[in-house]
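A.B. asks: Mind having a look at this structure? Questions to follow.
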Amino acid sequence: MEVILDVTDLHIEFHDHDKPETVVEDFDLMLEKGEIVGIVGESGSGKSMSALAIAGLLKRHALTKNGRIMFDGHDLLTCDRKILRSYQGDEISIIFQEPMTSLNPVKKIGWQVEESLRIHHKEIDKATRKKKAIEMMDAVGLREPEKVYDMYPHELSGGMRQRVMIAAAMIAEPRILIADEPTTALDVTIQAQIVDLLRKLNKEKGTAIIFISHDLSLIRQLCQRVIVMQSGNIVETGNVEEIFRAPKMSYTRKLIAAIPQIDL
């Protein structure tokens, strides 16, 4: 298989206080084309910080970043900002957990879904952008996408807004999609729909997905491999079913034990 992302010895340290705080230590990830990898851990485990570093969204001051994030022949930790920006939203996209803080409340949905095409693909004219946006919104299961195109975020439900975020992230057909707790604010039924949608997009578009969650049951539904993080460190990694069947670390066993069981 083709390796499209190689993260080696990623170390992130903040300097906001007198004493430096390490939030990620020795994080490694080798992501293959079309693969779905889960990163799981409790709040503060470093999973989202690792994802933000891969997406190039960490500030370049007030923190130290070491290691390598190799993508397309460039180290995303140290490459020129112009190169990094050329990848963001085009080759590498991210979905955040709360769409209402990510969507612009005063811009219509269609304008926001089209954004990466406007930035990265100036050769595409306005009419084609709209056509692609409507097609993508339809692909993510938004009913009446032509109508949604002209609506504002506050007019949509939470599940619809999350689908809009996925459409916006996928419209440029990125090679890597980072989903950072994309189902946290949604009810269980909508969570299942979003997981199914990500699986469908992965299969149809061949997009590699990094799925971040504190919920191992969601990881099991969607991912092939899983990385378990605690306090900034990887404590266990491997095939999802193998880890569920025979977890080696006590922390992983506790995460699995925390999954609600339904007695019928």
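A.B. asks: Of all the residues that make up the stretch 175-187, how many are of a type in the set (A, V, I, L, M, F, W, C), closer than 14 Å to Phe96 by Cβ and either at pLDDT 90 or above or in contact with a Lys or Arg (Cβ under 6 Å, 6 or more places away or on another chain) (or both)?
C.D. replies: Taking the stretch 175-187 as the starting set, the residues that turn out to be of a type in the set (A, V, I, L, M, F, W, C) are 176-179, 185-186.
Filter once more, so that each one left must be closer than 14 Å to Phe96 by Cβ: 177-179, 185-186.
In the following step, the residues that additionally are either at pLDDT 90 or above or in contact with a Lys or Arg (Cβ under 6 Å, 6 or more places away or on another chain) (or both) were identified as 177-179.
Result for the stretch 175-187: 3.
Yes/no per residue for (1) surrounded by 15 or more Cβ atoms within 10 Å (Cβ to Cβ); (2) touching a Lys or Arg at 6+ places or on another chain (Cβ under 8 Å); (3) under 25 Å from Arg143 (Cβ atoms); (4) of a type outside the set (D, E, K, R):
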| site | (1), (2), (3), (4) |
| --- | --- |
| Gly73 | no, no, no, yes |
| Leu77 | yes, yes, no, yes |
| Asp80 | no, no, no, no |
| Ile92 | yes, yes, no, yes |
| Phe96 | yes, no, yes, yes |
| Ile119 | no, no, no, yes |
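A.B. asks: Further, regarding this structure: For Ile69, are the conditions met, namely being surrounded by 15 or more Cβ atoms within 10 Å (Cβ to Cβ), at pLDDT 95 or above and in contact with a helix residue (DSSP H, G or I) (Cβ under 9 Å, 6 or more places away or on another chain)? Before the answer, list the steps.
C.D. replies: Working: surrounded by 15 or more Cβ atoms within 10 Å (Cβ to Cβ): yes; at pLDDT 95 or above: yes; in contact with a helix residue (DSSP H, G or I) (Cβ under 9 Å, 6 or more places away or on another chain): yes.
Against the criterion (surrounded by 15 or more Cβ atoms within 10 Å (Cβ to Cβ), at pLDDT 95 or above and in contact with a helix residue (DSSP H, G or I) (Cβ under 9 Å, 6 or more places away or on another chain)), Ile69 qualifies.
A.B. asks: Related question: Those residues that are part of a helix (DSSP H, G or I), surrounded by 19 or more Cβ atoms within 10 Å (Cβ to Cβ) and modelled with pLDDT under 95, I need them from the stretch 138-152; list them, please.
C.D. replies: The answer is Ala139, and nothing else.
A.B. asks: Does Ile190 satisfy the condition of being touching a helix residue (DSSP H, G or I) at 6+ places or on another chain (Cβ under 6 Å), more than 14 Å from Ile36 (Cα to Cα), modelled with pLDDT under 90 and surrounded by fewer than 15 Cβ atoms within 10 Å (Cβ to Cβ)? First the steps, then the outcome.
C.D. replies: On the way: touching a helix residue (DSSP H, G or I) at 6+ places or on another chain (Cβ under 6 Å): yes; more than 14 Å from Ile36 (Cα to Cα): yes; modelled with pLDDT under 90: yes; surrounded by fewer than 15 Cβ atoms within 10 Å (Cβ to Cβ): no.
Here the answer is no, as Ile190 does not meet what is asked.
A.B. asks: Determine which member of the set Arg68, Arg85 is in contact with a Leu (Cβ under 8 Å, 6 or more places away or on another chain) and either within 23 Å of Ile243 (Cα to Cα) or among the basic types (Lys, Arg) (or both). Steps first, please.
C.D. replies: On the way: Arg85 fails: in contact with a Leu (Cβ under 8 Å, 6 or more places away or on another chain).
Result of the check over Arg68, Arg85: Arg68.
A.B. asks: Now a separate question. For Val235, which of the numbered conditions (1) in contact with a strand residue (DSSP E or B) (Cβ under 9 Å, 6 or more places away or on another chain); (2) within 14 Å of Ser93 (Cβ to Cβ); (3) not hydroxyl-bearing (Ser, Thr, Tyr) fails to hold?
C.D. replies: (2)
A.B. asks: I want to confirm something. Restricting to the stretch 100-117 and keeping residues that are touching a Gly at 6+ places or on another chain (Cβ under 9 Å) and either under 19 Å from Met170 (Cβ atoms) or modelled with pLDDT of 95 or more (or both), which single residue is surrounded by the most Cβ atoms within 10 Å (Cβ to Cβ)?
C.D. replies: Of the residues in the stretch 100-117, the ones touching a Gly at 6+ places or on another chain (Cβ under 9 Å) are 100, 115-116.
Restricting the remaining residues to those that are either under 19 Å from Met170 (Cβ atoms) or modelled with pLDDT of 95 or more (or both) gives 115-116.
On the way: Glu115: 17, Ser116: 20.
So the residue we want is Ser116.
Residues are listed down the side, and each one gets a yes or a no for (1) touching a residue at least 40 places away in the same chain (Cβ under 8 Å); (2) under 27 Å from Val195 (Cβ atoms); (3) under 20 Å from the mean Cα position of the chain (by Cα):
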| position | (1), (2), (3) |
| --- | --- |
| Ile4 | yes, yes, yes |
| Ile12 | yes, no, yes |
| Lys19 | no, no, no |
| Leu31 | yes, yes, yes |
| Ile36 | yes, yes, yes |
| Ile39 | yes, yes, yes |
| Ser43 | yes, yes, yes |
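A.B. asks: A further question follows. Select, from Ala172, Ala168, the only residue that is modelled with pLDDT of 90 or more, part of a helix (DSSP H, G or I), surrounded by 15 or more Cβ atoms within 10 Å (Cβ to Cβ) and out of contact with any Pro (no Cβ under 6 Å at 6 or more places or on another chain). Before the answer, list the steps.
C.D. replies: Numbers: Ala172 fails: part of a helix (DSSP H, G or I).
Only one candidate passes the filter, namely Ala168.
The values are calculated or read from the model by the stated rules, or taken from the named source; none is laboratory data. Note that the coordinates shown come from a computational prediction; the quantities given were computed from them, not determined experimentally. Ideal geometry is used to build each Cβ from the backbone, glycine not excepted, and the neighbour counts take in all protein chains shown.
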